[in-house]
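Peer 1: Below you will find the structure I want to go over with you.
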Amino acid sequence: MMRPVISSARSLSRSVARQATRAFSTQQQQQQSRGQSSSSSSSSSSSKSRWAGVFGATLLFGATTTVALAADDQKVDYNAVRSAIANKLEKEGYDDGSYGPVLVRLAWHCAGTFDVKTGKWGSNAGLDVARDLLEPIKKAFPTISYADLYTLAGVVAIEEMGGPTIPWRPGRTDATDGTACPPDGNLPDASKEQNHLRNIFYRMGFDDRAIVALSGAHALGRCHTNRSGYDQPWTRAPTTFSNEYFRLLLEETWTPRKWKGPLQYTNSKSGSDLMMLPTDLSLIQDPAFKTWVDKYAKDQELFFNDFAKYFSQLLELGVKFPEPQKPKSLWNKLFG
Ligand code: CCH
C-alpha cells in the first residue's frame, strides 16, 4: 500500500498549501465535468512527482488542515514560479514588447503532439527544446519539471495578457530519454485546410468547437519569416488576449498576399498589415467551424470560458495525475 505523505499545514509554506488547494479543487471540478471515474488515474499513485491534495480539514479530533504533498512538490513554490514568469514577460525591443505570445506557443507545442488512441506524447514527454527565457527560472526552481514550467508559463502569459484564468496543476514529468519523443508531423501544418486540422485535433481527442476556440490564441503574437516562413501578426493588439482574431476573420476581406513567401492571406480592405494562415481561413470556409467563429466573435465571455477549458485540457493530455489521498477513518487512525 502506498505510504501517505502527510504533514501539518503549519510546516508548509502558505503558498504551497494554497496551490495544493487550488489544484485539488480544480482536479475535482474537472473530473466532475468530464465525468471521469476515480479509477482513471489510479495507476499514477506510484508516479515520481507524486502530488496530493488538501483534505480532511476539520476531520475527527478537530485536526488542523492536513496537507499531503510528495517530497518533490514541497520544494516548489508555484506562486513564486508564477511571479518569476510574469516578471519576464515584458521586454522592450522584442517583437511587440512581450514574450507572452511565444510562451503560449511553447506551451501549445509541448502538449499538441498527444495521441488519444495510444495515450502517447503530449506534455509528459518530448520536450527537447529548452527555452532560454525560462532556463533561469528552472535553475531557481530546479525541482519543477520542464513540462510543468513550460505549460505554467503559457498559462501565466495568457492571464497576464488579459485572458481568462486557466485551471492548471503540477504533475507532468519530463522524458528521461529520446524514445518518448513524438514523430514529426504531430503538429498542424499551416499550409493545409480543415481536414488536416481535424485529423490533428481529433487525434488529441478534441472536437470542432475546441479546434476553433484554441485557434483563438492567434489573437496573440505574430509570424516570423525566420521561424516559420510566414510574416506579420493576426491582430493589431498582439499582446492582448481577446476575441479580436474571430472578429477580424469575419469582418476583413482576406486575399492571397502577393509576395515571395508561402501562401498567406492579407487584409486587403484595411491596409495589408495583418495576416491569416490557410488553416486560419479554413475556420470560416468550413460551415461547422464557422458556427463557432460567429459565436466567439459576438461573445468574448463564451470564448474566454471555452478557451480556458480547452487550453487546460490541452496541457493535461496524457498526464496521469495522482489521486488525492483519502483521509483515514478514525478506526484506521487508531488501529490501522
Ligand atoms: Fe499557432 N502558429 N498554430 N497556435 N501560435 C504560429 C504562431 C503562434 C499554427 C501555426 C502557427 C495554435 C494553432 C496553430 C500560437 C498559439 C497557438 C505561427 C508562426 C504559425 C505558422 C510562428 C512564427 O513564425 O513565429 C497552426 C497551423 C495551428 C493550427 O491549429 C494553437 C492551438 C495555439 C495555442 C493555443 C501563438 C501564441 C503564436 C505566436 C507566437 C509568437 O512568437 O508570437
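The values are calculated or read from the model by the stated rules, or taken from the named source; none is laboratory data. Note that the structure is predicted; figures quoted are calculated from it, not measured. Cβ atoms come from the backbone with ideal geometry, glycine included; neighbour counts cover every protein chain shown.
Peer 1: Check off (1) outside any helix (DSSP H, G or I); (2) modelled with pLDDT under 70 for Val76 and give me the number that stays unchecked.
Peer 2: (2)
Peer 1: Among the residues that make up the range 281-288, is at least one of them over 12 Å from Ile211 (Cβ atoms) and within 13 Å of the ligand (Cβ to nearest atom)?
Peer 2: yes
Peer 1: Just one of (1) within 17 Å of Leu103 (Cα to Cα); (2) surrounded by fewer than 17 Cβ atoms within 10 Å (Cβ to Cβ); (3) away from the ligand (no atom under 11 Å from the Cβ); (4) charged (D, E, K, R) trips up Glu159, so point out which.
Peer 2: (2)
Peer 1: Among the residues of the range 280-336, how many are crowded, with 18+ Cβ neighbours inside 10 Å, small (Gly, Ala, Ser) and more than 16 Å from His218 (Cα to Cα)?
Peer 2: Within the range 280-336, residues that are crowded, with 18+ Cβ neighbours inside 10 Å, small (Gly, Ala, Ser) and more than 16 Å from His218 (Cα to Cα) number 2.
Peer 1: Since Asp174 meets every condition but one in (1) outside any helix (DSSP H, G or I); (2) touching a residue at least 60 places away in the same chain (Cβ under 8 Å); (3) under 21 Å from the mean Cα position of the chain (by Cα), which condition does it not meet?
Peer 2: Result: Asp174 passes all but (2).
Peer 1: Within the range 183-201, how many residues are more than 10 Å from the ligand (Cβ to nearest atom) and without any contact (Cβ under 8 Å) to a residue 24 or more places away in the chain?
Peer 2: 6
Peer 1: Can you tell me which residues in the range 75-98 are buried (at least 16 other Cβ atoms within 10 Å of the Cβ) and under 16 Å from the mean Cα position of the chain (by Cα)?
Peer 2: If the condition is that a residue be buried (at least 16 other Cβ atoms within 10 Å of the Cβ) and under 16 Å from the mean Cα position of the chain (by Cα), then Tyr78, Val81, Arg82, Ile85 are the ones that fit.
Peer 1: Another question, then. Can you find even one residue in the range 259-276 that is within 25 Å of the chain's Cα centre (by Cα), touching a residue at least 60 places away in the same chain (Cβ under 8 Å) and within 24 Å of Pro164 (Cβ to Cβ)?
Peer 2: No, every residue in the range 259-276 fails to be within 25 Å of the chain's Cα centre (by Cα), touching a residue at least 60 places away in the same chain (Cβ under 8 Å) and within 24 Å of Pro164 (Cβ to Cβ).
Peer 1: Moving to a separate point now. Among the residues of the range 153-170, which ones are assigned to a loop (DSSP other than H, G, I, E, B) and small (Gly, Ala, Ser)?
Peer 2: Hits for the range 153-170 are Gly162, Gly163.
Peer 1: How many residues are at pLDDT 95 or above and in a loop (DSSP other than H, G, I, E, B) if we restrict to the range 248-271?
Peer 2: Matching residues across the range 248-271 total 10.
Peer 1: Next question, about the same structure. For the structure I just gave you, tell me whether Tyr310 is modelled with pLDDT of 95 or more, within 14 Å of the ligand (Cβ to nearest atom), among the hydroxyl-bearing types (Ser, Thr, Tyr) and under 30 Å from Pro170 (Cα atoms).
Peer 2: Considered against the rule, which asks whether it is modelled with pLDDT of 95 or more, within 14 Å of the ligand (Cβ to nearest atom), among the hydroxyl-bearing types (Ser, Thr, Tyr) and under 30 Å from Pro170 (Cα atoms), Tyr310 comes out as yes.
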